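Engineer: Right, I'll just put the structure down here and ask away after.
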Amino acid sequence: MSKKIILISSDGQSFEVDEAVARECGTIKNAIEDKCTDNGIPLANVTSATLAKVIEYCKKHVEAAAKASAGDKDIYGSNEDIELKTWDDDFVKVDQPLLFDIILAANYLDVPGLLDLTCQTVADMMRGKTPDEIRTIFHIKKDYTPEEEAAVREENAWAFM
Amino acid sequence: MEPSRWSKLPSDLMQLVFERLGFADFQRAKSVCSPWRYASKRSSPNNQTPWLILIPEKGKDHCLLFDPEENEEKLYRIKNLGVNFANSNCLATYGSWLLMQDDHQYNILYVLNIFTCEKIDLPSMKSQLSIVETEDDMFLVKLDNNRDVLIWFDEKTKDYVVIWIIQPRFLVYSRKGDKFWKQIELFNFNDDMVYKDHNLYLYSWSRDVKVLDFSQDIPRQVFETQVKYDYSSKPEDVFYYDAPDTRVWKIKTENLVVRVTGEVLRVKSIVLGNSDAWSFRIYKMDSSNSKWEKLDSLGDEEAIFLDLGITVRLANTSQGVNGNSIYFSGNHNNYCDSDLGRFWSEKDILIFNLGTQEIEIPHPSIFSSVQLSNARWFVPNFKQM
């Protein structure tokens, strides 16, 4: 039976996961190899809600990788890729605060695929939008003085049409 | 959610987002707030997709840009390019830089960044070495927007090379810091050339490819194809340049393309005399490096941009550019053959689909809405992979 690793979120909740899943996180992989996992690994920067999502991602991707190497990739290969991509697309349909937290967690825990996916999602949200629209979507306050703003628009006036 | 939390996303993570934005989206996103602006200075957008630059009829100081990946057919307008621009012709592009030649004083050449309007003057052609004296201002000619001239530009170091072939004897070039043009002697007519990774690929009339290394002070030849052409090959493989029989395929242009991988392709465009049928043939070097073999498909994830001499790899997310296609314009008429001139002009932009073997006109509504003197593909922010 595969070894279990315990991960402890910043708000004290414990998550028991298979070692293979935990190893999807670079920082945890290092902790495992340095043998400091006996009493669970505390993750001070990750809340339970966020950690749950990260674990969900890692679990799914470990399963997908196992299926790919076990099964006949020629017949099932591309369907599986599409299925995984669809799963990924649904996975990131979360509210913004959670998306923000997942980005930070993916970076802190070193999960490259998840970091890539979430950053791409944010980029996609900005596609074709004006700066005002982007501020609305992301609840960002404009912090330029009128002079600064004029200078910025001047730089690339053509893009603001 | 506390307001403006997103503006506090760590700068290095914000850069990861910015790198996934297209060129125009990047310009807009960086002006959202100060922290994002700061992050944008340390990153650059992801753009390997060619845009169109549409140059209006003579005497205008603006131009229009088209991003094929945007959902609507929006044209960006770049204004106030100055009187110089209005009176110049664009000969070549590299990244966001255009090589311009004055319309009347042909010896005035300069490089212009279409977005920042930064202008770099090139040495006057009149300062050319001894050739000028003996050849009667032979060099003060208006370049015909064809593949006899090219520019390469490094956005970071502002290093550049401008290369110009004066058929058939000389190649002249000027690099950053040069006060005059230097020359290299050639011994053959050259149909086309491409510059990539400090190498100049020259495609000669005899269907040989030479590679010159421009990374050192003096350019030197480092490679030449050694193909033995079998002139007794079957009739369908042989194209006649000037056959009297109008039922035969005639060659319109021969171009060189260097793929993302560095592999060299020859692209031949051919027309059936006296009809409207035209097509393309692509050849690549076989593994023994001594024979050209026909390439029937680029695969769905690659497209050729003939004017730029490059191929682009299409990411999963890019819309607007079709794979397995050749994008070309009328800017490379090597043959002043009036018989073939009806097929396209400098304002035409066309796509040849290798799969269906058909020619399409992309975005016809854009072209019908503006009066143009020239249309070209260019890749804003182009960074060689």
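Computed from the coordinates by the stated procedures, all read-outs in this text should not be read as laboratory data. Quick caveat: nothing in here was measured; it's all calculated off a predicted structure. Quick reminder, even Gly has a Cβ in these numbers, built from the backbone with ideal geometry, and neighbours come from all protein chains shown.
Engineer: Rounded if a/c is under 1.5, else prolate if a/b is larger than b/c, else oblate: which is segment A:27-110, with a ≥ b ≥ c the root eigenvalues of its Cα gyration tensor?
Structural biologist: It is oblate, given that a/c is not under 1.5 and a/b is not larger than b/c.
Engineer: Something else about it: How big is the gap, in Å, between the Cα center of segment A:27-59 and the Cα center of segment B:184-202?
Structural biologist: Using only Cα atoms, the two centres lie 57 Å from each other.
Engineer: Shape of the protein assembly as shown from its Cα gyration tensor (a ≥ b ≥ c, root eigenvalues): rounded if a/c is under 1.5, otherwise prolate when a/b > b/c, or oblate?
Structural biologist: Prolate shape, in that a/c is at least 1.5 and a/b is the bigger ratio.
Engineer: Moving on. So which lysines pass the test for A:K67, namely a Cα distance under 26 Å, with those fewer than 8 places away in the same chain ruled out?
Structural biologist: Straight-line reach from A:K67, under 26 Å: A:K3, A:K4, A:K29, A:K53, A:K59, A:K85, A:K93.
Engineer: OK, next. Sticking with the crude label model, points 7 Å out along Cα→Cβ, report the distance from B:R42 to A:E133 in nm, one decimal please.
Structural biologist: My value for the distance between the label points is 2.9 nm.
Engineer: Lysines within cross-link reach of B:K383: Cα-Cα under 19 Å, excluding same-chain residues under 8 positions apart?
Structural biologist: Here the lysines satisfying the reach criterion relative to B:K383 are B:K41, B:K156, B:K158, B:K176, B:K196.
Engineer: Given labels modelled 7 Å from the Cα in the Cβ direction, how far is it in nm from B:E73 to B:Q216?
Structural biologist: The answer from the label model is 5.2 nm.
Engineer: How much length is gained if the chain between B:S288 and B:I361 is pulled fully straight, taking 0.36 nm per residue apart and subtracting their Cα-Cα distance, in nm to one decimal?
Structural biologist: In short, 22.5 nm is gained.
Engineer: Let me know the Kirkwood hydrodynamic radius for segment A:65-161, please, with Cα pairs as the basis and the value in Å to one decimal.
Structural biologist: One decimal place: 16.6 Å for the Kirkwood radius.
Engineer: Note down the net charge around A:E149, summing +1 for each Lys or Arg and -1 for each Asp or Glu among other residues with Cβ under 14 Å from its Cβ.
Structural biologist: After counting each charged neighbour, the total is +1.
Engineer: Is the C-alpha gyration tensor of segment A:1-146 telling us rounded, prolate or oblate? Criteria: a/c under 1.5 is rounded; beyond that, a/b larger than b/c is prolate, otherwise oblate.
Structural biologist: oblate
Engineer: Using mean Cβ contacts within 10 Å as the protection proxy, how do B:283-293, A:150-160, B:62-72 order, highest first?
Structural biologist: B:62-72, A:150-160, B:283-293
Engineer: What average count of beta carbons from other chains do you get within 10 Å of the Cβ of residues in A:131-139?
Structural biologist: 5
Engineer: Right, something else. Please give the contour-minus-distance gain from B:H198 to B:S11: 0.36 nm per residue of separation, less the Cα-Cα distance, rounded to one decimal in nm.
Structural biologist: Extending this stretch completely gives an extra 64.0 nm.
Engineer: Moving to a separate point now. Below 8 Å between Cα atoms, with a sequence gap of 6+, how large is the relative contact order for segment A:81-158 in percent?
Structural biologist: Contact order relative to length: 20 percent.
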